[in-house]
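The values are calculated or read from the model by the stated rules, or taken from the named source; none is laboratory data. What you are looking at is a predicted structure, and each value in this text was computed from that prediction instead of being measured. With ideal geometry, Cβ positions are generated from the backbone for all residues, glycine too; neighbour counts draw on all protein chains shown.
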Amino acid sequence: MLLKLRFVCIVAFASFVIVACGSSDIETTSDNATPPADTVAITSAPDSNATAAPPNPDFNPTATNTLLPPDTESPLVVTIASTDQEEAPEKQFDLRIRNESNAPVSNISLRVYFTPDAEREASDYVLDTYWDEIEAVTISGPEQASDDQYYFTIDYGVTLLPPAEEWGYVGGLHLSDWSEDFDESNDWWYNDDLSETRQPATTMPTYVDGVLIFGSEPTGD
């Protein structure tokens, strides 16, 4: 009887310990625990009023030209010579356009300035292409530059001229009716020293993106 009473006391004491421990204020946390109702959860949400950062004006992935600052050498060197195929009512010329820079250049154009002869209109003149090495040239004009100066444009468009390479072009200026009274001596582009010996084409101005970078334009009216 005494033994049974001791067993009941032990069981009762153990139950009291378990209940007491279970009611303690020990808090546990876990990664997936739900925050209490009075806890403010901080979350990241997109701001509907936010604006994108402005683009960087200095970033231009499509830029292809290397334009040198003023007072520096031109990236292009253009030379000219006469041809051995010219006829009396026409004056032909042979151009070489070389890229002396370390980057490709595009949007290259040249102008052929001329002065209509007596009793002739600018529309009476024609610039023909006889050889275009890369087959990219388009001819436009004539356009009036001043009272007695007009020009044709030899335009290479967006075609890239790689560094240390050159293009060749042969053209000829004549009257549309091939009359013998064609006279190139009063034309800006023409040089009395023009021969089959190549020389700088200083009177055949060359442009990149419409900016004069080699040669010179006519002076005066």
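Here's the yes/no breakdown for (1) of a type in the set (Val, Ile, Thr); (2) touching a strand residue (DSSP E or B) at 6+ places or on another chain (Cβ under 6 Å); (3) assigned to a strand (DSSP E or B); (4) modelled with pLDDT under 95:
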position: Val78; (1), (2), (3), (4): yes, yes, yes, no
position: Asp84; (1), (2), (3), (4): no, no, no, yes
position: Ala88; (1), (2), (3), (4): no, no, no, yes
position: Arg98; (1), (2), (3), (4): no, yes, yes, no
position: Val112; (1), (2), (3), (4): yes, yes, yes, no
position: Asp128; (1), (2), (3), (4): no, yes, yes, no
position: Ile139; (1), (2), (3), (4): yes, yes, yes, no
position: Pro163; (1), (2), (3), (4): no, yes, no, no
position: Trp167; (1), (2), (3), (4): no, yes, yes, no
**Message:** I'm told Ser179 meets every condition in (1) modelled with pLDDT of 95 or more; (2) surrounded by fewer than 18 Cβ atoms within 10 Å (Cβ to Cβ); (3) not acidic (Asp, Glu) except one. Can you identify the failing condition by its number?
**Reply:** (1)
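Do the conditions hold for Thr206, that is, is it among the β-branched types (Val, Ile, Thr) and more than 22 Å from Pro104 (Cβ to Cβ)? If you could, list the steps in order and put the result at the bottom.
Numbers: among the β-branched types (Val, Ile, Thr): yes; more than 22 Å from Pro104 (Cβ to Cβ): no.
Considered against the rule, which asks whether it is among the β-branched types (Val, Ile, Thr) and more than 22 Å from Pro104 (Cβ to Cβ), Thr206 comes out as no.
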**Asked** Restricting the first residue to the stretch 187-203 and requiring it to be exposed (fewer than 12 other Cβ atoms within 10 Å of the Cβ), which pairs with a second residue that is part of a loop (DSSP other than H, G, I, E, B) and hydroxyl-bearing (Ser, Thr, Tyr) meet a Cβ separation below 8 Å and a spacing of at least six or different chains?
**Response** Asp192/Ser185; Ser195/Ser82; Glu196/Ser82; Glu196/Thr83
